[in-house]
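Notes follow once the structure below has been shown.
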Amino acid sequence: MILANAFCIVLFVDELLRCRAGPSSLPGQDPPGWRAPVDCVRANELCAAEPSCSSRYRTLRQCLAGRDRNTMLANKECQAALEVLQGSPLYDCRCKRAMKKELQCLQIYWSIHLGLTEGEEFYEASPYEPVTSRLSDIFRLASIFSGMDPTANSKSNHCLDAAKACNLNDNCKRLRSGYISTCSKEISAAEHCSRRKCHKALRQFFDRVPSEYTYRLLFCSCKDQACAERRRQTIVPSCSYEDKEKPNCLDLRSTCRTDHLCRSRLADFHSNCQASPQAQTGCPGDNYQACLGSYAGLIGFDVTPNYVDASTAGITVSPWCSCKGSGNLEEECEKFLRDFTENPCLRNAIQAFGNGTDVSPSVKNPLPPVTAPPKAEKSPALPDDINDSNTMYDTSVITTCTSVQEHGPKLNKSQEQSLCYSETQLTTDLMPDQKTLVDQTAGGGRQAPGWILPAAPLLLARLAL
């Protein structure tokens, strides 16, 4: 009898917890018209398994071959194929950066989307899945994995410290040594290096090494010229970046767009770093992490960007190109170039990382602890000559404690001293857009009936008798 009562209690508690857990994962609970995202490789497999989709996809690819958009849409068979595919996962599919079959995924994406726009757009939609992580996540991981002494002198060369941290990680050390060796290897007196091999080695480094290492090498903050020059030399610019002459920027963009990978990385950069005046930080979605990741994704391609000098007065990055000889397209060329050289989103993101903050870099000093988030207001663009001292990046290692001072949570004095925060605080403070709290008014959720909690003690007492 006692065992039976105990079993009933366990079932009751389990049901109570599941009711309080939030939305059910049972099928059929998704909002009308919602479709689970799928990468383009998987979407292609699903389409190939369905005769109607498979035949329409082949038809559309034939329609897009060598035709402009208007000619394609004038053909009824092409229109019918497009309508069928718009209702399939293939039309809305996206890719993940550095995924196993990234090139194949991007080829499938562009095979549909290239011919569906009016001519060549200045900004193209990114074929990659949206970035949901934040800089705060990078700071937390850097503090856990770097292994550097958190009590080091704050006046140290942070770019040198970043190299030391990389050397403590076998994968980072191996791939960094690999690209430095490849990009520094002289081929002949006439050929300084193999840029193709150099770019490939750089892509492998930035795609395979975690951001907590690569970001520190690329975006370390500097207060002297020696540090800034070391930062500029990170990608071995004499091989990967510079050339005898600067090509026209629009020609460089056109060359990039002939390659699916380069085209995708450029579109992703524009999507995540395009200046957004409505945003407090100047970045789409106020997401610095998305912009910095897209910038790093350009390295190793024709449009590889880099710091233009070793100045500590301001941050200016640019691809190796100019607008000389643009003719009547000079305005378009200048607009393309300004997305690098005068981009408040990109500049603010780099400065925020260097300062160890994930808030608007216009706030130079950490805010006092607050109980409620400040009201979002548009902040002015940051001046080029802002002091890039590390007010919150105290050492060669970025710590969770210092990177989120502005949120004001108290330190967790548990054994997990390296984390400084409890897992709950990390979830809610560092990733505010990914809180696990569920809207109790949502239609798909399961809610505990109002009588369950008050009745729980009585029911448990009755079962125990």
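The values are calculated or read from the model by the stated rules, or taken from the named source; none is laboratory data. All values derive from a computational prediction rather than experimental measurement. In this analysis, Cβ positions are derived from the backbone assuming ideal geometry, glycine residues included, and neighbour counts consider all displayed protein chains. Areas reflect the complete protein model, heavy atoms only, side chains present, ligands, DNA and RNA absent. Shrake-Rupley method; radii C 1.70, N 1.55, O 1.52, S 1.80 Å.
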Fill in the blank from the handout: For the range 160-232, listing trypsin sites (Lys or Arg not before Pro) in a DSSP loop whose Cβ sees at most 13 other Cβ atoms within 10 Å gives Lys185
Problem - Amide H contacts of Tyr128 (H built 1.01 Å from N, under 5 Å, at least 5 apart or other chain) - result: Cys95
Handout entry: In nm, spacing of pseudo-spin labels at Arg338 and Ser181 (7 Å Cα→C-beta vector)
Key = 4.5
Problem - Rounded to whole Hz, the Karplus (6.51, -1.76, 1.60) HN-Hα couplings of the range 241-257, x for glycine and proline - result: 10, 6, 8, 5, 10, 8, x, 5, 4, 6, 5, 5, 5, 4, 4, 4, 6
Fill in the blank from the handout: Residue span Lys324 to Asp259: 0.36 nm per residue of separation minus Cα-Cα distance leaves a gain in nm of 21.0 nm
Practice task
Give me the percent of the accessible area of the range 233-351 that comes from carbon and sulfur atoms, probe 1.4 Å, all protein chains in place.
Solution key: 44
Fill in the blank from the handout: For the range 200-349, the charge dipole (Cβ of Lys, Arg +1; Cβ of Asp, Glu -1; about the Cα centre) points to a positive end, and the Cα of Ser276, Ile299, Val209 closest to that extreme belongs to Val209
Fill in the blank from the handout: In nanometres, the difference between 0.36 nm per residue of separation and the alpha-carbon distance of Glu242 and Arg208 is 9.8 nm
Completion exercise
Residues whose modelled amide H sits under 5 Å from the amide H of Asn306, counting only those 5 or more places away in sequence or on another chain, are Ser318
Practice task
At most 10 other Cβ atoms within 10 Å and a DSSP loop assignment: could you name the trypsin sites (Lys or Arg not before Pro) in the range 241-288 that fit?
Solution key: Lys244
Exercise for the section: Calculate, in nm to one decimal, what Ser55 and Ala189 gain on full extension: separation in residues at 0.36 nm each, minus their alpha carbon distance. Expected result: 42.8 nm
Practice task
Could you run the Karplus curve 6.51 cos²θ - 1.76 cosθ + 1.60 with θ = phi - 60° over the range 272-280 and give me ³J(HN,Hα) per residue in whole Hz, x for Gly and Pro?
Solution key: 9, 10, 4, 4, 10, x, 6, 7, 4
